[in-house]
Amino acid sequence: AALRTAQAELRELIGAMEDEDLARPYGYFQPATTPYRSDPVVGWLAGNTFEHVAGHLPAIRAARGQVV
């Protein structure tokens, strides 16, 4: 339930963003992060959401098969 809630909240936040926002550098949203990250935040969003989950799918599927 917590995962579904977090996913829904993230979809809502991203859905409200304009393309211009997604192209902004990561550092725009996290200015205190050092070193300053100039790559677009959209790459971070992808890497920490669907791309990240895809990398874990084999382990998730194996664990689901072991749930009693």
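The values are calculated or read from the model by the stated rules, or taken from the named source; none is laboratory data. Keep in mind it's a predicted model, so treat the numbers as computed, not measured. Glycine gets a Cβ as well: all are built from the backbone with ideal geometry, and neighbour counts include every protein chain shown. Accessible surface is based on the protein model in full, side chains and every heavy atom, while ligands, DNA and RNA are left aside. Shrake-Rupley method; radii C 1.70, N 1.55, O 1.52, S 1.80 Å.
When segment 29-61 is filtered for residues that are acidic (Asp, Glu) and touching a helix residue (DSSP H, G or I) at 6+ places or on another chain (Cβ under 8 Å), only Asp39 remains.
In this structure, does Tyr26 turn out to be touching a helix residue (DSSP H, G or I) at 6+ places or on another chain (Cβ under 9 Å), open to solvent by less than 80 Å² (accessible area, probe 1.4 Å) and free of Cβ contacts under 8 Å to residues at least 60 places away in the same chain? It is true that Tyr26 is touching a helix residue (DSSP H, G or I) at 6+ places or on another chain (Cβ under 9 Å), open to solvent by less than 80 Å² (accessible area, probe 1.4 Å) and free of Cβ contacts under 8 Å to residues at least 60 places away in the same chain. Restricting attention to segment 2-23, the residues that are open to solvent by 100 Å² or more (accessible area, probe 1.4 Å) and either touching a residue at least 60 places away in the same chain (Cβ under 8 Å) or hydrophobic (A, V, I, L, M, F, W, C) (or both) add up to 2.
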